[in-house]
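The values are calculated or read from the model by the stated rules, or taken from the named source; none is laboratory data. All values reported here derive from a predicted model rather than from experimental measurement. We place every Cβ from the backbone using ideal geometry, glycine too, and count neighbours over all the protein chains shown. Surface areas here come from the heavy atoms of the whole protein model, side chains and all, with no ligands, DNA or RNA. Shrake-Rupley method; radii C 1.70, N 1.55, O 1.52, S 1.80 Å.
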Amino acid sequence: MDEALKEALKESRPDYGQLIPELINTLVERRWAVLPDFFSPTLVAALRQELHQHARQDHLHPARIGKGEQETRRKEIRGDAILWLDGSTPDQRCVLDILEMLKQGLNRELFLGLDSLECHFAVYPPGTGYQKHLDSFQNNNYRRVTVVTYLNDDWQPAHGGELAIYDRDDALLAMVAPRAGTLVCFMSEDFPHAVLPTAIERLSIAGWFRVREPV
Ligand code: OGA
Ligand code: MN
């Protein structure tokens, strides 16, 4: 294939009219899904650059676990530093717009009544991970659907940092390599999961579609 054509194909915008229904079908079937190349290499590269810049400027803060009074910092449990997306750059808005399309599809097909999306960048330094956990638990049950994507360029098996997804009986369902642009999506209440220790700095965006809190 012609080099220029190859480049053009690589840079072309994924067809969300096809990808989103595909993702939703898989979710209907088994409540978790992994789609490679969901975000374009161009968008991923721009986000990676933005995240590096934030990291250099010290904008990230250590992630915490639990909520309210239970909230604590336990680096051996969870080693990432995070920064919430606020839609302040075109690249963030692009991701948020694509995920908004996904939210509308989920509401239309699965009647989930999803309201808002909260999303953060995450940087896991070498040697860190995130022990097995659920994203939605007793005191925080407004998160209904988890989405995660990865920003590292050229991820290799030796780098580790896979996302292990389990069922409620602790059977391993999937080991997801954190490859650039892959989207992982699952029902937040159903799947314990863990980030295995990473050998190199691991960059990601994790997000949660939430239902409205009762007033
Ligand atoms: C999380 C999480 C998974 C990943 O941030 O809650 O589980 O692969 N992230 O980064
Ligand atoms: Mn999680």
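The table for this structure:
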item	result
Sequence ranges 152-160, 99-107, ranked by mean other-Cβ count within 10 angstrom, highest first	99-107, 152-160
Prolate/oblate/rounded call for region 93-215, Cα gyration tensor, a/c under 1.5 rounded	prolate
Tail beyond 33 Å, pair distance distribution of the chain (Cα, percent)	11 percent
Protein accessible area in the chain, 1.4 Å probe - carbon and sulfur %	51 percent
Kyte-Doolittle at least -1.0, axis length at least 20 Å by Cα - qualifying DSSP helices, the chain	16-30, 41-56, 90-110
Average accessible surface area per residue within the chain, 1.4 Å rolling probe, Å²	52 Å²
Region 150-215: GluC sites (Glu not before Pro) in DSSP coil with no more than 16 other Cβ atoms inside 10 Å	GLU189, GLU201
HIS52-ALA164 FRET efficiency (beta carbon distance; Förster radius 41 Å; 0.05 resolution)	0.95
